[in-house]
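K.L.:
Submitted below is the structure of interest, expressed as structure tokens.
The values are calculated or read from the model by the stated rules, or taken from the named source; none is laboratory data. None of the values given here were measured: they were computed from a predicted structure. Neighbour counts run over all protein chains shown; Cβ positions are idealised from the backbone, glycine included. These area figures cover heavy atoms from the full protein model, side chains too; ligands, DNA and RNA do not enter into them. Shrake-Rupley method; radii C 1.70, N 1.55, O 1.52, S 1.80 Å.
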Amino acid sequence: MCYAIPGQVVALCGRIATVEYFGERRKAYNEFPSLRVGDFVYAQGGFVIKVVPPEEAQEILATWKETFFELQEVDLRLARLEVEREGVERRILRMLDKALEERSLSKEELLALLGLQSPKEQELLYKVANFLRRKYHGNATCVHGILEISNFCSRNCAYCGLSTHNGALLRYRMSDEEVLEAVREAVEVYGFQALVLQSGEDPGRSVRELAELVREIKKRHAVLIFVSFGEVGLEGLEALYEAGARGILLRFETSNAELYEKLHPGYRLSHRLTHLERALELGYLVATGGLIGLPGQKLSDILEDILLTRALSAEMYSFGPFLPHPATPLAFSAPPSPSLVLNTLAVARLVDPKNAKILITTAFETLDPQARRMGLLSGASSLMLNVTPLKFRPYYTLYPGRAHEGETIREQVEQTLHLLRSLGRAPMDLGV
């Protein structure tokens, strides 16, 4: 199964390619000097990542064509704003009408929507968010793989099961050969076009070694690589970009500087934001966001998290629930409700309807088994499947009972495709 649909280059302007598929056009950044108008390509995250032979592209497009338009019909039906408005406060209706008319909502209005608790009002919020997702992103859903290459971490974050608080955790570090084999399987066997390489801030692997690993992956495979190794330093960001990484997943967790320092003793929010800003300057696709439901967090903090994510020009919004881990200082704190997570995803869509690719996190799937379906119908448009070898997954314990921990890649792929087809979504990502 291929997690992208090949498109044909219809125009080139400098290093920007215009790519068309089934009548739709997107822009993608091109790093292939030999690319020509008429070529077929795969694009991920706004980057052309591979030139596809015409015969292969035509075969894939012929297979997808009928299915693609059938999926569009299903998605269009589910995204219609046919919902009962009776029982919804007039002020909420006015706010949502403003969002549909693409008029900016004030912080007070966004905060009111974020705090909705009435099921009828929440349903309307989610419908509006899904309508805007459909309007600007079509039925495309990004499906990326995540490979957790090490659970070593030198940080003492108060909520994370990989932190130094968890002295009983069995630590692992995949060898380069194991990483390369896992990437080969994900790309060549299961067709992933984009992968996130993730670990704690592992002192046992230098940035130079990580860069060499990325360089070797790019040498072997046409795949978009996101790196998620924590704060690697500004020079480290440059080294990883030079090696071929084009995306970074680095959440700031909370925009409240005081709360950040309580959760990360000895570390500062400003330092993390400097990393994110530098990554954007270098040309990285930035995936970032915050934790929902942190102890001491206010509803206004969550709104500020969303607004900060937009201010950072994030490619992907990554917002997931705080889930307590028994080996951390926050062991006895309560997680948020699933509805607060859905409200956050939906408001994020209203804040950045045209650009945001909004992720449904594994943490949300762990909190609620219906998270994927609910999230995709509430403005979200991105999923990540775990391609870490099964023998390592139980030890990447960010929080207990992670969803999909024991599922093979094949099982995850089959479940995901079944869900996407039921919702009229196509697993692809052609850029912006």
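K.L.:
Using a Gaussian network model of the chain whose springs link C-alpha atoms within less than 10 Å, name the residue from 398, 105, 237 with the highest mean-square fluctuation.
P.N.:
105
K.L.:
Go ahead and set up a Gaussian network model of the chain, Cα springs under 10 Å, then flag whichever of 315, 235, 365 fluctuates most.
P.N.:
The residue that fluctuates most here is 235.
K.L.:
Separate question: Please find, in a Gaussian network model of the chain (springs between Cα atoms separated by less than 10 Å), the residue of 332, 192, 68 whose mean-square fluctuation is greatest.
P.N.:
332
K.L.:
Here's a follow-up. For the chain, give me the percentage of DSSP beta bridges that are antiparallel, rounded to the nearest 5 percent. Write out the running numbers ahead of the final one.
P.N.:
Working: 19 of 51 bridges.
So the antiparallel bridges in the chain amount to around 35 percent.
K.L.:
Sticking with this one: Checking the a/c ratio against 1.5 first, then a/b against b/c, what shape does the Cα gyration tensor give for segment 96-190? Spell out each step's value before the answer.
P.N.:
Working: a/c = 3.81, a/b = 1.76, b/c = 2.17.
It is oblate, given that a/c is not under 1.5 and a/b is not larger than b/c.
K.L.:
Under a crude label model (7 Å from the Cα following the beta-carbon direction), how far is residue 117 from residue 274 in nanometres?
P.N.:
Going from the residue 117 label point to the residue 274 one covers 4.2 nm.
K.L.:
In nanometres, what is the gap between the two model label sites at residue 231 and residue 55, each 7 Å from Cα along Cα-to-Cβ?
P.N.:
Going from the residue 231 label point to the residue 55 one covers 5.4 nm.
K.L.:
Between residue 27 and residue 77, take the C-beta separation as r, use R0 = 25 Å, and let me know the FRET efficiency to the nearest 0.05. If you can, show how the numbers build up before the last one.
P.N.:
Details: r = 29 Å, r/R0 = 1.14.
That gives a FRET efficiency of 0.30.
K.L.:
Are there trypsin sites (Lys or Arg not before Pro) in segment 324-395 that DSSP marks as loop and that have at most 15 other Cβ atoms within 10 Å, and which are they? Please report the intermediate quantities before stating the final value.
P.N.:
On the way: sites: 349, 354, 357, 372, 373, 391; in loops: 354, 391.
Those satisfying the criteria are 354, 391.
K.L.:
At most 13 other Cβ atoms within 10 Å and a DSSP loop assignment: could you name the GluC sites (Glu not before Pro) in segment 64-142 that fit? Numbers along the way, then the final one.
P.N.:
Values: sites: 66, 70, 73, 82, 84, 86, 89, 101, 102, 108, 109, 121, 123; in loops: 82, 84, 86, 89, 101, 102.
In loop regions of segment 64-142 (DSSP not H, G, I, E or B), the sparsely surrounded GluC sites (Glu not before Pro) are 82, 84, 86, 89, 101, 102.
K.L.:
Can you pull out the GluC sites (Glu not before Pro) in segment 164-224 that DSSP calls coil and that have at most 13 other Cβ atoms within 10 Å? Walk me through the numbers on the way to the answer.
P.N.:
Working: sites: 177, 178, 181, 185, 188, 201, 209, 212, 216; in loops: 201.
Of the GluC sites (Glu not before Pro), not one in the loops of segment 164-224 has a Cβ with at most 13 other Cβ atoms within 10 Å.
K.L.:
On to the next question. Nearest 500 deg cm²/dmol is fine: what mean residue ellipticity at 222 nm does the chain get from its DSSP H runs of n ≥ 4 alone, each adding -39,500 (n - 2.57), divided by its residue count?
P.N.:
Result for the chain, helices only: -12500 deg cm²/dmol.
K.L.:
Where a Cα-Cα gap under 17 Å defines reach, which aspartates and glutamates qualify for residue 219, not counting those fewer than 8 residues away within the same chain?
P.N.:
Straight-line reach from residue 219, under 17 Å: 31, 176, 177, 178, 181, 185, 188, 209, 242.
K.L.:
On the protein heavy atoms, probe 1.4 angstrom, tell me the percent of accessible surface of the chain carried by carbon and sulfur. Walk me through the intermediate numbers first.
P.N.:
Details: 9060 of 17640 Å².
Exposed carbon and sulfur together represent 51 percent of the surface.
K.L.:
If you don't mind, there's one more thing I want to ask. Can you list the residues, at least 5 places off or on another chain, whose amide H is less than 5 Å from the amide H of residue 224, using H built in the peptide plane?
P.N.:
Residues meeting the criterion, in which the H sits 1.01 Å from N, are 194, 195.
K.L.:
Which one of 217, 233, 269 has its Cα pushed farthest toward the positive end of the charge dipole of segment 205-276, where Lys and Arg give +1 and Asp and Glu give -1 at the Cβ?
P.N.:
Result: 217.
K.L.:
Let me ask something additional. Provide the per residue accessible area, probe 1.4 Å, for segment 314-390, rounded to a whole number of square angstrom.
P.N.:
Working: 2100 Å² over 77 residues.
Accessible area per residue, segment 314-390: 27 Å².
K.L.:
Give, in nm to one decimal, the length gained when the segment between residue 35 and residue 311 is fully stretched (0.36 nm per residue of separation minus the Cα-Cα distance). Intermediate results must be reported in sequence, preceding the final value.
P.N.:
Details: separation 276, 0.36 × 276 = 99.36 nm, distance 3.30 nm.
The span from residue 35 to residue 311 would gain 96.1 nm if fully extended.
K.L.:
Indicate the gyration tensor shape class of segment 301-432 (rounded, prolate or oblate), computed on the Cα atoms with a ≥ b ≥ c the square roots of the eigenvalues: a/c under 1.5 is rounded; otherwise a/b larger than b/c is prolate and the rest oblate.
P.N.:
On the way: a/c = 1.78, a/b = 1.09, b/c = 1.63.
Since a/c reaches 1.5 but b/c is at least a/b, the shape of segment 301-432 is classed as oblate.
K.L.:
Separate question: Using each residue's phi in segment 294-299, evaluate 6.51 cos²θ - 1.76 cosθ + 1.60 at θ = phi - 60° and report the 3J(HN,Hα) Karplus result to the nearest Hz, with x for Gly and Pro.
P.N.:
Each residue of segment 294-299 in turn: 4, x, x, 7, 9, 4 Hz.
K.L.:
Indicate the gyration tensor shape class of segment 1-146 (rounded, prolate or oblate), computed on the Cα atoms with a ≥ b ≥ c the square roots of the eigenvalues: a/c under 1.5 is rounded; otherwise a/b larger than b/c is prolate and the rest oblate. Let's see the in-between values first.
P.N.:
Numbers: a/c = 3.16, a/b = 2.17, b/c = 1.46.
It is prolate, given that a/c is not under 1.5 and a/b is the larger ratio.
K.L.:
Please report the relative contact order for segment 84-159, taking Cα pairs under 8 Å with a sequence separation of at least 6, and give it as a percent rounded to a whole number. Could you put the intermediate results ahead of the total?
P.N.:
Working: 22 pairs, mean separation 24.3, N = 76.
This gives 32 percent for segment 84-159.
K.L.:
If you stretched the chain out fully between residue 370 and residue 107, how much longer would it get, using 0.36 nm times the residue separation minus the C-alpha to C-alpha distance?
P.N.:
Working: separation 263, 0.36 × 263 = 94.68 nm, distance 2.95 nm.
Fully extending the segment from residue 370 to residue 107 adds 91.7 nm.
K.L.:
Quick check for me: using +1 on Lys/Arg Cβ and -1 on Asp/Glu Cβ, what's the dipole size of the chain about its Cα centre, in debye to the nearest 20?
P.N.:
Numbers: 50 positive and 55 negative charges, 129 e Å.
I would put it at about 620 debye.
K.L.:
Also, quick follow-up: In terms of Cα to Cα distance under 15 Å, which aspartates and glutamates are near enough to residue 354, apart from those fewer than 8 places away along the same chain?
P.N.:
By straight Cα distance, residue 354 reaches 101, 102, 315, 429.
K.L.:
How much accessible area per residue does segment 52-168 have, counting only protein heavy atoms and a probe of 1.4 Å, in square angstrom? Could you put the intermediate results ahead of the total?
P.N.:
Numbers: 5790 Å² over 117 residues.
Roughly 50 Å² per residue, with all protein chains present.
K.L.:
Have a look at 47, 92, 58 and report the one farthest towards the positive end of the charge dipole of segment 24-96, computed about the Cα centre with Cβ charges (Lys/Arg +1, Asp/Glu -1).
P.N.:
Value: 92.
K.L.:
Additional query: Once you have the Kirkwood Rh of segment 240-384 from its Cα pairs, apply Stokes-Einstein at 10 °C and 1.306 mPa s and quote D in µm²/s. Let's see the in-between values first.
P.N.:
Numbers: Rh = 15.5 Å.
In µm²/s, the coefficient rounds to 102.
K.L.:
Another one. Determine the alpha carbon to alpha carbon distance for each of 135/262; 120/298; 135/391 and list only those over 32 Å.
P.N.:
On the way: 135/262 40 Å; 120/298 24 Å; 135/391 42 Å.
As for pairs spanning more than 32 Å Cα to Cα, those are 135/262; 135/391.
K.L.:
Same structure, new question: Calculate the spin-label point distance for residue 11 paired with residue 337, positioning each point 7 Å from the Cα along the beta-carbon direction, and give it in nanometres.
P.N.:
4.8 nm
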